[in-house]
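Heads up, the thing below is written out as structure tokens.
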Amino acid sequence: MSATFPASAFASAFAAVDLGATSGRVIVGRVGPDHLDLTEVHRFPNTPVRLPDGLRWDLLALFQGVLDGLREAARSGGVASIGVDTWAVDYGLLDADGALLGHPFHYRDDRTADAAARVRAKIGPRELYGTTGVQHLPFNTVFQLASAEGTAQRQAARTLLLIPDLLIHWLTGSIGAEETNASTTGLLDARTGTWSKELLNRLSLDPGLFPPLRAPGDPAGTLLPHVAAYTGLDPRTPVTTVASHDTASAVVAVPATAPGFAYISCGTWSLAGLELDAPVLGEASRAANFTNERGIDGTVRFLRNIMGMWLLEECRRTWEGENLPTHLLRLLADAAEAEPFACLVDPQAPEFLAPGDMPARIRDHCARTGQRVPGSQGAVVRCILESLALAHRRALRQAAELAGRDITRVHLVGGGSRNDLLCQLTADAVGLPVIAGPSEATALGNVLVQARTAGLVGDLADVRRLIASTQPLRHYSPRGDMSAWNAADARLDPVRRNP
């Protein structure tokens, strides 16, 4: 898809490179005092490849998709700058010549199964959390590096670049580490916002592997000559550092115009939590498995990662292979008619992490926990969405308690905001109004950090007011009393698994 913008729009047009777990896009956003719109100029698949040594990202294909998208952006009228965001934790290693040492591993690869134990032999979980504030997830960068200890690749490595930083390196030749993404690694000091020299030393990691940090808004260089020649963009086109962790960009675009809000960034993952001024690093926060990740302007994203729409999308992939219906609206209509609370799962259960036959795993989970086994597609989808709504409820209530904050409303952004049933179930489960949208929060946050750097918008409050006034939002009020949800939550408690 391409569009042609008038020449006068060039100064207000920005390219957002946005890579997700299943696809990548290049989106051109146009920004003005009272307007904000996006045009997707190129979309390309993100298809991991299983090699003999594990599941890998095909980063060369992704970079070619980025280049093709930037070429479409040039054809559509040009852009004032480029920003890159992707998922977190995964990385590429460069050798002494700056060459990539193999395709980066996918975070869903199972090679990290025993890596946490290796790390804990050197530093205990309480001390690790007290330094980094990062939620325990088996694929955190710190564990991925532990799983690679002693390998030829690790020994040859001279620079570690997280995925968006690697793409920026290939676009500009520059080396850096954007701080919102770096904060997900389990190696950044949550208080100082710098690489923890103590942790790196204790874990036998060379500090020279980790590049200087960049903040959203910092310049990241201009296009390399061959990139400019291929794309048709001016070689002086700047690449601007944005909040390169896609969730951090999405939180920038939460259309909150008053305090008291919580957010859920809902896509492949659901990231549910609060925006704070300082990290929450106590034992209660660690035990509840909350993460403290850096946001824009020194804020902290205090949240829990929840396995989100991944469960539904994996079900749809399985059903497609079985020639069963996969149209989302039909599945949601069937789910709306299915019996409420017939069965529930813990979305965080380890068996749901890897790709595979998700409907069978859900049925097995229900059977193992003594529940009714869902027999129809609609029953499976109902099970997933009610379970996610309960996970949202639990995360937001615990976040408010741990942070000592009151929540008056919930902003649900990202692709999940288009799912009416999930939005309504979340409002019902949490017992608070849910404002759904924008669905393109990540791209909007990416574009608006660039626009702010260019002087077209003001501070974070101005950014959010512009989104609230220009983007379509839907409102959901909680229905009925909370007794059924309270009972469902209590019923699910015995089958939840705490990492």
Checklist entry - If the viscosity is 1.306 mPa s and the temperature 10 °C, what translational diffusion coefficient in µm²/s does Stokes-Einstein give for region 7-240 when Rh comes from Kirkwood over Cα pairs? => result 85
Checklist outcome for this item: For the pair Ala229 and His35, the simple spin-label estimate (label points 7 Å beyond Cα toward Cβ) gives in nm 3.7
Next on the checklist: Could you tell me the center-to-center distance, by alpha carbons, between region 22-45 and region 219-290 in angstrom?
Outcome noted: 16
Checklist outcome for this item: With the convex hull built on the alpha-carbon atoms of region 81-207, volume per residue in Å³ sits at 107
Checklist entry - Just the projected area, averaged over all directions, of the convex hull on the alpha carbon atoms of region 43-146: how many nm²? => result 9.3
Next on the checklist: Below 8 Å between Cα atoms, with a sequence gap of 6+, how large is the relative contact order for the chain in percent?
Outcome noted: 16
Next on the checklist: If I model a spin label at Ala156 and Asp481 as a point 7 Å from the Cα along the Cα→Cβ vector, what separation in nanometres do I get?
Outcome noted: 6.7
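Please give the FRET efficiency for Asp277 paired with Thr408, using the beta carbon to beta carbon distance and R0 = 25 Å, rounded to the nearest 0.05. Please report the intermediate quantities before stating the final value.
Working: r = 18 Å, r/R0 = 0.73.
Step by step, r from the Cβ atoms, then E = 0.85.
In cubic angstrom, how much convex hull volume per residue do the alpha carbon atoms of region 49-108 span?
Values: hull volume 7.0 nm³, N = 60.
In region 49-108, the Cα convex hull volume per residue is 117 Å³.
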Item to check | Hydrodynamic radius of the chain per Kirkwood, over alpha carbon pairs, in Å | outcome: 23.1
Item to check | Inter-centroid distance (Cα atoms) of region 326-344 relative to region 419-497, Å | outcome: 21
Checklist entry - Percent antiparallel among DSSP beta bridges with both residues in region 1-137, to the nearest 5? => result 80
Item to check | Leading residue at positive end of dipole, region 7-240 (Cβ point charges), from Ile163, Gly102, Gly83 | outcome: Gly102
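For the chain, what is the mean residue ellipticity at 222 nm derived from helices alone (per DSSP H run of n ≥ 4: -39500 (n - 2.57); sum divided by total residues; nearest 500 deg cm²/dmol)?
Numbers: 19 runs with 187 residues, N = 499.
Here the helix-only value at 222 nm equals -11000 deg cm²/dmol.
With a Förster radius of 30 Å, plug the Cβ-Cβ distance of Arg126 and Leu328 into 1/(1 + (r/R0)^6) and report the FRET value to the nearest 0.05. Mind dumping the intermediate values first?
Values: r = 43 Å, r/R0 = 1.42.
In this case the efficiency is close to 0.10.
Hand me the trypsin sites (Lys or Arg not before Pro) from region 412-499 located in a DSSP loop with no more than 10 other Cβ atoms within 10 Å, in residue order please. Kindly include the intermediate steps, with their values, before the conclusion.
On the way: sites: Arg418, Arg452, Arg464, Arg465, Arg474, Arg479, Arg491, Arg496, Arg497; in loops: Arg479, Arg496, Arg497.
Sparse-neighbourhood loop trypsin sites (Lys or Arg not before Pro): Arg479, Arg497.
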Item to check | Rg/Rh for region 379-499, where both radii come from Cα atoms and Rh is the Kirkwood radius | outcome: 1.04
Next on the checklist: Can you give me the distance in nm between label points at Asp493 and Asp459, each placed 7 Å from the Cα along the Cα-to-Cβ direction?
Outcome noted: 4.3
Checklist outcome for this item: Taking the alpha-carbon centre of each part, the distance from region 46-72 to region 157-209 in Å is 22
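Output the DSSP H helices from the chain with an along-axis C-alpha extent of no less than 27 Å and a mean Kyte-Doolittle hydropathy no less than 0.0.
Working: long enough: 377-403 (39 Å, 0.39).
Result, helices passing both filters: 377-403.
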Checklist entry - Antiparallel DSSP bridges in the chain: what percent, to the nearest 5? => result 75
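Values in this text are rule-based calculations from the coordinates and carry no lab data. Given the structure is predicted, the values throughout are model-derived calculations rather than measurements. Positions of Cβ are generated from backbone atoms using ideal geometry, with glycine treated the same way; all protein chains shown enter the neighbour counts.
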